[in-house]
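The values are calculated or read from the model by the stated rules, or taken from the named source; none is laboratory data. None of the values given here were measured: they were computed from a predicted structure. Glycine gets a Cβ as well: all are built from the backbone with ideal geometry, and neighbour counts include every protein chain shown. Note: areas computed on protein heavy atoms with side chains; ligands, DNA, RNA excluded. Shrake-Rupley method; radii C 1.70, N 1.55, O 1.52, S 1.80 Å.
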Amino acid sequence: MRPFKFTNTKNSSAAINLLDRNPNASFLAGGTNLLDLMKEDVERPDELIDITRLDLTSISSITRGKNAGGVLIGGLGKNTNAANHQLIRKDFPLLTKAILAGASAQIRNMATNGGNLMQRTRCSYFYDTAMPCNKRSPGSGCSAMEGFNRMHAVFGWSNECVAVYPSDMAVALSAMNANINVMQKEGQIRSIAINDFHRLPGNHPEKDNTLNHGELITSIELPKNNFAAHSAYVKVRDRNSYAFALVSVATGLVLDGNKIVSAHIAMGGVAHKPWRASIAEALLRGKAATLANFRLAAEAEMSHAKPLFHNKFKVGLGANTITAALQLASKGTDAVA
Amino acid sequence: MSDNNTKLTKEEERLFGDLMPEELNEIIQSGLNRRHFVKLIGLASAGLLTSHLIGAEQLFARAIDMEIEDLPPIAIENGVTVNLKVNSVGKIVLIDSRTTLLDTLRERLRLTGSKKGCDHGQCGACTVILDGNRVLSCLTLAASCEGKSVITIEGLARNNELNPMQSAFLKHDGFQCGFCTPGQICSAVALMKEAKEGQASYVSTNIRETEVGMMLSDDEIAERMSGNICRCGAYPNIVAAIKEAQTGKNIEQTWLFAG
Ligand SMILES: Cc1cc2nc3c(=O)[nH]c(=O)nc-3n(C[C@H](O)[C@H](O)[C@H](O)COP(=O)(O)OP(=O)(O)OC[C@H]3O[C@@H](n4cnc5c(N)ncnc54)[C@H](O)[C@@H]3O)c2cc1C
Ligand code: SF4
Ligand code: FES
Ligand code: FES
């Protein structure tokens, strides 16, 4: 690992100023992604600003204003605490499920909510500094395009990068239309809709998201929703636990009897960002909650996929996973598969 | 050494510029560190310092407050002093900012119970209990642990009496080679607290209600222990040991002596 200066502060503005004045500095939160990448020489900050002592860990209901009924989750809170907080388990169980589907208990005890959003791709060529990779080293080429791309994208990729974004938590946040609140220099606050937070690779795969250097994620806002009783997170992976998704689906159904008032569906493991399955959502609106309708909508969504050489299986798997998640959600959040 | 950013005098800048041109910028920005110091000693023994005697005196004067005797024979850069409680004993260590908690425990505090399996968060062999929660010490910077309390496998027994989880692992043969065992046991001990609090897992079926003091099924134990890989495949025995430790009830061993 390269040498770096270590600083810590309890003050958010101080942390932002420290980061802002050094383009090679990084925030250190749980460290579960950043340290790993520093050991691999993929990330090379010369200064780390430890932000784990900032007072940004609480979880609280929003009781007033247009966002009343929602919940604010501190950006520096741990994934374990977000998943297990009573407010989240009761009213936003989809988030609990998605967080608990990721990593291991140890890692969730370390990982922060902000750090989770910022985690980088697990594309193996991105990790291997001997291989070309446009995300790690812009202009060097994409090794995965013609390489082993079984884990890679089927939606929204470009010729520059076919990587997928690995967070489970963010897939649930996407289905829930969360907002990411960030603080800038001089204390200004900016709110970014989760579906605008991460980017598609386009010509700039080195940019995972729309956060600027010097901005700090202070909280995540979950707007009130009506699908706590009918939500599901289904994750398919190569082994049962402690592995990244091949495909995952977060869904919430607002039902009126057997009629679907609205369906909220986001996918993980298929694109450079959480992929909102808006084609399937549109098809399900107003329809009966039946297996046949679920399958139709799922297949319609996946018919737009553009698989690569090694990941054609994700098209069928995606349709099956959407169908299974919708069916589970229609039975009820605590239903067993 | 993070705060030795004393400004260099013009004399010193010239001295370092002559001796270590590559390092000059670094020294100006973050001060003299141990790697520079070691290099200077090398130069001194090669006789290259003689023409810079005045500067050299100042160098050595600065070097003295580096607590050299307390350090391992490696170069420390960007030193950070950390106060830690390790198995209930207070420790103060001066470490390179890059040092993980795992390396601090193993290399500096000589607590080699915690193991380095992968060093990348993928195996759980380095699991320790930090402020009550299980974490991976290979992905934790020691510098970020100021004021925290660490429990390692060495700290679980009380006065020669094993922790019940340790006894259960022994009884059920929860290991073969034993490499993953310290991590497994620390993980399992913390898991008992999580179950008591009613923390959920991916396989829990009652997400919307919190059930405190939950008794874990085999599936729940397997899912919650999935962050600890065992290459010997002692999993069934590990699950049996955890069940016994949790229920306090005698559970049949899954193995028998031959004959
Ligand atoms: C073996 C392993 C398996 C895993 N499996 C999964 C999985 O199955 N599913 C899954 O979703 N994840 C998985 N993860 C990833 C894990 O969830 C992330 O590493 C973690 O969420 C990152 O959070 P952190 O706090 O540790 O971030 P850090 O590593 O500290 O930081 C990551 C990045 O975010 C930046 N950052 C952190 N906080 C902020 C903030 N508040 N504002 C602005 N920038 C910030 C940092 O500067 C850094 O660039 C796995 C990780 C490992 C090591
Ligand atoms: S897919 Fe993206 S991250 Fe992977 S090698 Fe190509 S450019 Fe790099
Ligand atoms: S050594 Fe830490 S997880 Fe493998
Ligand atoms: S006992 Fe050998 S790795 Fe687990």
Of all residues in the stretch A:16-41, count the ones that are crowded, with 22+ Cβ neighbours inside 10 Å and small (Gly, Ala, Ser). 3
With the first residue restricted to the stretch B:205-219 and required to be on the phi > 0 side of the Ramachandran plot, and the second required to be exposed (fewer than 13 other Cβ atoms within 10 Å of the Cβ), Cβ contacts under 8 Å at 6 or more apart or on different chains are B:Gly213/B:Lys196
Are any residues in the stretch A:79-99 over 19 Å from A:Ala245 (Cα atoms) and more than 9 Å from every other protein chain (Cβ to nearest Cβ), and if so, which ones? A:Asn81, A:Ala82, A:His85, A:Leu87, A:Ile88, A:Phe92
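Can you tell me which residue among A:Ser167, A:Ser137 is part of a loop (DSSP other than H, G, I, E, B), surrounded by 24 or more Cβ atoms within 10 Å (Cβ to Cβ) and more than 16 Å from ligand 3 (Cβ to nearest atom)?
A:Ser167
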Output the residues belonging to the stretch B:234-256 that are free of Cβ contacts under 8 Å to residues at least 24 places away in the same chain and either within 16 Å of ligand 1 (Cβ to nearest atom) or within 14 Å of chain A (Cβ to nearest Cβ) (or both). B:Tyr235, B:Val239
Residue hits (the stretch A:290-337; open to solvent by 20 Å² or more (accessible area, probe 1.4 Å) and within 22 Å of A:Asp256 (Cβ to Cβ)) are A:Thr290, A:Leu291, A:Ala292, A:Asn293, A:Arg295, A:Leu296, A:Gln327, A:Leu328, A:Ser330, A:Lys331, A:Asp334, A:Ala335
Can you tell me which residue is farthest from the other protein chains (Cβ to nearest Cβ) among those in the stretch B:116-135 that are within 16 Å of ligand 4 (Cβ to nearest atom) and open to solvent by less than 20 Å² (accessible area, probe 1.4 Å)? B:Ala125
Counted residues in the stretch A:66-112 being outside any helix (DSSP H, G or I) and either within 16 Å of ligand 4 (Cβ to nearest atom) or of a type outside the set (A, V, I, L, M, F, W, C) (or both) come to 12
A:Leu94 is checked against (1) more than 16 Å from ligand 1 (Cβ to nearest atom); (2) touching a residue at least 40 places away in the same chain (Cβ under 8 Å); (3) in contact with a strand residue (DSSP E or B) (Cβ under 9 Å, 6 or more places away or on another chain) and fails just one. What number does that condition carry? (1)
Cross-chain or 6+ apart pairs with Cβ under 8 Å, the stretch A:4-22 first and in a helix (DSSP H, G or I), then among the aromatic types (Phe, Trp, Tyr): A:Ala15/A:Phe27; A:Leu19/A:Phe27
Failed condition for B:Asn206, given (1) at pLDDT 95 or above; (2) open to solvent by 20 Å² or more (accessible area, probe 1.4 Å): (1)
Considering A:Ser262, A:Ser248, which residue is open to solvent by less than 50 Å² (accessible area, probe 1.4 Å), part of a strand (DSSP E or B), touching an Asp or Glu at 6+ places or on another chain (Cβ under 9 Å) and more than 15 Å from ligand 1 (Cβ to nearest atom)? A:Ser262
Among (1) farther than 30 Å from B:Ile221 by Cα; (2) within 11 Å of ligand 1 (Cβ to nearest atom); (3) open to solvent by less than 20 Å² (accessible area, probe 1.4 Å), the one test that A:Asn212 misses: (3)
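Against the condition of a type in the set (A, V, I, L, M), out of contact with any Lys or Arg (no Cβ under 8 Å at 6 or more places or on another chain) and farther than 18 Å from A:Ile107 by Cβ, how does B:Leu170 come out, does it pass? Even if it seems obvious, please write down each step before you answer.
Working: of a type in the set (A, V, I, L, M): yes; out of contact with any Lys or Arg (no Cβ under 8 Å at 6 or more places or on another chain): yes; farther than 18 Å from A:Ile107 by Cβ: yes.
Spelling it out, B:Leu170 is indeed of a type in the set (A, V, I, L, M), out of contact with any Lys or Arg (no Cβ under 8 Å at 6 or more places or on another chain) and farther than 18 Å from A:Ile107 by Cβ.
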Selection within the stretch A:81-120 - open to solvent by less than 10 Å² (accessible area, probe 1.4 Å), more than 16 Å from ligand 3 (Cβ to nearest atom) and polar (S, T, N, Q): A:Thr96, A:Thr112, A:Asn113
On the basis of being of a type in the set (S, T, N, Q) and closer than 21 Å to A:Asn177 by Cβ, does A:Asn116 make the cut? yes
Count - residues of the stretch B:179-201 that are open to solvent by 40 Å² or more (accessible area, probe 1.4 Å) and at the interface with chain A (Cβ under 8 Å from one of its Cβ atoms): 1
Among the residues of the stretch B:209-218, are any within 12 Å of chain A (Cβ to nearest Cβ) and either in contact with a strand residue (DSSP E or B) (Cβ under 8 Å, 6 or more places away or on another chain) or basic (Lys, Arg) (or both)? no
Within the stretch B:119-134, does at least one residue satisfy the condition of being within 16 Å of ligand 1 (Cβ to nearest atom), assigned to a helix (DSSP H, G or I) and within 12 Å of the chain's Cα centre (by Cα)? no
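Look at A:Gly252 and say whether it is over 30 Å from B:Asn228 (Cβ atoms), more than 16 Å from ligand 3 (Cβ to nearest atom), of a type outside the set (A, V, I, L, M) and within 14 Å of chain B (Cβ to nearest Cβ).
yes
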Number of the condition not met by B:Leu105 [criteria: (1) open to solvent by less than 20 Å² (accessible area, probe 1.4 Å); (2) assigned to a loop (DSSP other than H, G, I, E, B)]: (2)
What's the total number of residues in the stretch A:42-65 that are assigned to a loop (DSSP other than H, G, I, E, B) and either within 14 Å of chain B (Cβ to nearest Cβ) or open to solvent by 40 Å² or more (accessible area, probe 1.4 Å) (or both)? 15
